[in-house]
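Chemist: Okay, here's the structure, questions in a sec.
All of the numbers you see were taken from the coordinates with simple rules; none came from a lab. On a predicted model such as this, the values are computed, not experimentally measured, just so you know. Virtual Cβ from ideal backbone geometry, glycine too; neighbours counted across all protein chains shown.
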Amino acid sequence: MDHALVESVLGSLVAANSRELERECEQVALQYLAQQVEPQFDIDSADFDRDPRLICADRYWHQRFRAAPTLHTAVLCAGWMAEHIAAAAHEPIREKWALGFAFITRDSVESANEIADATADVVAADDSGCNKAYFATLYHAGKLRADFCFDELGEFLASSPLAMAAGPHRESVLFTALRAFAAFGCRTTTHQHACDLFTQVWESPERTYAATDVVLNGLAASPDFEGRGELLRDRSADAVATYPGRDILHYRLATGRWLCGEYDAAMTDIDEALRLLPAKGWRVSHELLQGQYLARRDAIEAARVTDRQARADRERGQHTEREVGRLAAEVRGTVLRAVELVTVFAAVIAFAVGSLNVALNGNLSRADRIWIVATQGLGLLLFAFLILGGSWFIADRLTRRSR
């Protein structure tokens, strides 16, 4: 393999369009694989979109992991990274490769014996054993995360000799993010413990995009608890502002808003996630993510239709209730007017009959007759007011109770 010629070819691709860049880098990677040699060029950036050397190395190691999805491959990859990737670009590439290659090989989780063998190889390695163990730990943890094996992931991170061999890297923000992911779904921990780890990651000044994605993924996959939807919505909105243009973050935000019942806003975000999802790259990831996004979009649309129908039902119920109240008020008013009319009519008839009897009684003086008629009139007037007052009081009580 003419490494100098390869570097020249890759250098000439700097100005190439994205399709040509992808195609040519793929061909170079396949040549390395065919001749069973590793790339010898160095990488000094983490630009996965425009750096030809990084794209070529990404394709090369992708094929290596697809062919042999093992911790041994992860150890070899970590060793190559230590030799060929500049310190400034090392961490973002390590996180993307470890979790990304774990995702595409998630159907090949290794056994405890295989992990033990890989750990022995790492421990027997040179001074870079700590870094190799950390990369291998992230790779295996990434598989468990992709398969939503919460309990196994928590146990692996807490007690596996391979994870222990990572040494000080166990305090890294991504390691803590994976612990938070495991805690959100683990059956032996509380959601409060998971939230504490989540907060620890979120408030860390060293928080990376990978760590952000892992903890939001854990929160989205967690069994429901009070405030979960609001927390996912608010933190996802922060992440979208911090890392614009990331389709997965808009997907998380759409999920949070869906859980909060904000269906119109959730639909806007899931449509944005679908728009941002790159059509280029490895089709398996694109198709899987697209399927997840479309399934969430269907769920949001179904919830929005149900919510719209529920609102319409509530409005119809409120309208019916108002109409019933109005009709009841009209009936009460009609009954009250009838009572008033009957009361007044009865009082007038009683007064007329009584007055006529008194007036025709010749045994009484005029003054006595006037006094009796006046007393009788006042009594009937008081009776009418009592009947009317009682009717008004009852009607008022019924009106207030119906409100």
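Chemist: Calculate, in nm to one decimal, what Met164 and Thr268 gain on full extension: separation in residues at 0.36 nm each, minus their alpha carbon distance. List each step's numbers first, then the result.
Modeler: On the way: separation 104, 0.36 × 104 = 37.44 nm, distance 4.36 nm.
Stretched out fully, the Met164 to Thr268 stretch lengthens by 33.1 nm.
Chemist: Give the peptides 144-151, 248-255 in descending order of average Cβ contacts within 10 Å, highest first. Let's see the in-between values first.
Modeler: Numbers: 144-151: 18.6, 248-255: 25.6.
Final packing ranking: 248-255, 144-151.
Chemist: Using only Cα atoms, locate the centre of segment 294-311 and the centre of segment 174-219, then give the distance between them in Å, rounded to an integer.
Modeler: A separation of 29 Å, based on Cα centres.
Chemist: Amide H of Ile85 versus every other amide H placed in the peptide plane: which residues, excluding those fewer than 5 positions away on the same chain, fall under 5 Å?
Modeler: Ile43
Chemist: Here's another thing I want to ask about it. Are there any trypsin sites (Lys or Arg not before Pro) in segment 81-139 that are in a DSSP loop and have at most 13 other Cβ atoms within 10 Å? List them by number.
Modeler: none
Chemist: Can you list the HN-Hα couplings for segment 8-25, worked out from phi with the Karplus curve (6.51, -1.76, 1.60; θ = phi - 60°), rounded to whole Hz and with x for Gly and Pro?
Modeler: Each residue's phi maps through the Karplus curve to give 5, 5, 5, x, 6, 8, 4, 9, 6, 6, 4, 5, 5, 4, 4, 5, 5, 5 Hz.
Chemist: Alpha carbon centre of segment 17-70 versus segment 94-122: separation in Å?
Modeler: Centre-to-centre (Cα) distance: 20 Å.
Chemist: Which chymotrypsin sites (Phe, Trp or Tyr not before Pro) in segment 1-101 sit in a loop by DSSP (not H, G, I, E or B) and have at most 16 other Cβ atoms within 10 Å of their own Cβ? Each step should come with its number before you reach the end.
Modeler: Details: sites: Tyr32, Phe41, Phe48, Tyr60, Trp61, Phe65, Trp80, Trp97, Phe101; in loops: Phe41, Phe48.
Answer by residue number: Phe48.
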